[in-house]
Amino acid sequence: MLLGCIADDFTGATDLANMLVGGGMRCIQTIGVPQGPAPDADAVVVALKSRTIAPQDAVAQSLAALAWLKTNGCRQLYFKYCSTFDSTPRGNIGPVIDALMQVLGTSFTIACPAFPENGRTIFRGYLYVGDVLLSESGMKDHPLTPMKDANLVRVLQAQTRHKVGLARYDTVASGTAALRERFAALQHDGCGIAVVDAVSNADLDTIGAACADMPLVTAGSGVALGLPANFRQAGQLAHAGEAARLPRIDGYAGIVSGSCSVATNAQVAEWKKTRPAFRIDVRSLAAGEAQVQAALDWARARIAREPVLVYATSSPEEVKAVQAELGAEHAGRIVEQALAALAQGMVELGARKLIVAGGETAGAVVNRLGIKVLRIGPQIDPGVPWTLSAGEPAIALALKSGNFGATDFFAKALEMLK
Ligand code: ADP
């Protein structure tokens, strides 16, 4: 294992893993901290759910992940957080960085959530989301981590014991050597963490190269663009070109969709034009009617002939109406559980290719199937790769959160496995 990664949420972990595979690293994602030896891979991403839990719990989980990664020989550690730096003055980004630095025995690291291709850029320490400052974006009203200050030096300084400095864009634009000099100067001034400006993929390459010798890198998924080149230059990365290869999977195909995002609504509508689909009625489900059994009977009659879609996906108005009747949390939970049971039912019918739409829905499905380890395969659409579960039976899984994927995502994803 060359690179060990700790991600503070599940879909963020997949995003990072997808990026590393794109850079030629064979990559595994684990759900939670595994036990035993690591599977054969160049990079392993441990997916935690630590973004908004109590800081001491986030630190404990992150250190457990670090201990496992170190035991399995990782040479560099990457702490992945959200590209909008989701956190509060209590944490969890700062406290986790502090703890990782202490255990790794390192006195300096970077902090860089930039992801220019997704509109996240940093200039003079200020984080932009598209054309507006973070503090003017939708993130200012986030229910759990409202981001009301776009200045990352200030935001991070409130969370960490280390002095936070800034490596400005002018320096990054001057190249790797200049950036390394800046890091040395900041360290000389007593800084432990440097927020680094980045507005383009070229900047991420420069930053990646400048971090080659750092025991710890902390960032969004963007900086991962620049890291594989370091290992390649050191002659450590032998598998370039085949990093995304997965063994061929035979079996039926099923799709379950619990996302109600704009993109998923369009994807379900597109599929339904020409292919079989079964709609879960949430009110009937809540009333205890045998919706799961009805959907499974429907799927059993078709799945051997063609891929089937079962969905709870609805328009925003329908979702609001159902939530008003049942409560948002209750509605969400019963739908997630029903779709997870359906995914399991499809696997029992012989499905070995599963597409799941919805971040929470994907979490529920993976839990129900008892999946702990995923090998990351080729990208379907930006941010969403095919993955293959470890264990028996091996299942190809495409876990698509919210607004990801083009309108023809479902058909396109299945086409790739032919
Ligand atoms: P996304 O990635 O788009 O946010 P998630 O799966 O994370 O999708 O979240 C969608 C939530 O909405 C889930 O909790 C799901 O169970 C719930 N849900 C799905 N369909 C409906 C519906 N028709 N009415 C109410 N809630 C629904």
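Details
- Most tightly packed first, judged by the mean number of other beta-carbon atoms within 10 Å of their residues, the peptides 59-69, 288-298, 38-48 read 38-48, 59-69, 288-298.
- For residue 88, residues with placed amide H under 5 Å, excluding near neighbours: 93
- Relative contact order [Cα under 8 Å, 6+ residues apart], segment 1-69, whole percent: 40 percent
- The magnitude of the dipole of segment 1-134, with charges of +1 and -1 set on the Cβ of Lys/Arg and Asp/Glu and taken from the Cα centre, is near 180 debye.
- Placed amide H near residue 380: partners under 5 Å, 5+ positions off or other chain: 386
- Part-to-part distance (alpha-carbon centres) for segment 82-151 and segment 44-68, which is given in Å: 17 Å
- Accessible area per residue for the chain, computed on protein heavy atoms with a 1.4 Å probe, is 41 Å².
- For the chain, a Gaussian network of Cα nodes joined below 10 Å ranks 305, 90, 333 by mean-square fluctuation, and the top entry is 305.
- From helices alone, the chain scores -11500 deg cm²/dmol at 222 nm; the rule is -39500 (n - 2.57) for each run of n ≥ 4 DSSP H residues, then divide by the residue total.
- Extension gain, residue 131 back to residue 274 (0.36 nm per residue minus Cα-Cα distance, nm): 47.6 nm
- Whole-percent carbon and sulfur share, accessible surface of the chain, 1.4 Å: 51 percent
- Phi-based couplings in Hz for segment 226-231 (Karplus 6.51, -1.76, 1.60; Gly and Pro marked x): x, 7, x, 4, 4, 5
- Of 14, 71, 313, the residue with the greatest mean-square motion in the GNM of the chain, using alpha carbon springs below 10 Å, is 71.
- Using θ = phi - 60° and Karplus 6.51 cos²θ - 1.76 cosθ + 1.60, couplings along segment 373-379 (whole Hz; Gly, Pro as x): 9, 10, 8, 8, x, x, 6
- Between the alpha-carbon centres of segment 263-334 and segment 1-23 there is a gap of 31 Å.
- When the chain is treated as a Gaussian network with alpha carbon springs shorter than 10 Å, the biggest mean-square fluctuation among 254, 235, 192 belongs to 235.
- Crossing angle, helix 93-104 versus the chain [Cα axis fit, 0-90 degrees, rounded to tens]: 70 degrees
- Taking amide hydrogens as placed 1.01 Å from N in the peptide plane, the amide H of residue 373 sits under 5 Å from those of 31, 390, each at least 5 positions away in sequence or on another chain.
- Zone of residue 325's modelled label, taken as backbone nitrogen in segment 281-296 under 20 Å from a point 7 Å along Cα→Cβ: 281-295
- Relative contact order for the chain: 17 percent, from Cα pairs under 8 Å spaced at least 6 residues apart, divided by residue count.
The values are calculated or read from the model by the stated rules, or taken from the named source; none is laboratory data. Please read all numbers here as calculations on a predicted model, not as lab measurements. Counting neighbours? That spans all protein chains shown, and the Cβs are built from the backbone with ideal geometry, glycine included. For accessibility, only protein heavy atoms count, side chains too; no ligands or nucleic acids. Shrake-Rupley method; radii C 1.70, N 1.55, O 1.52, S 1.80 Å.
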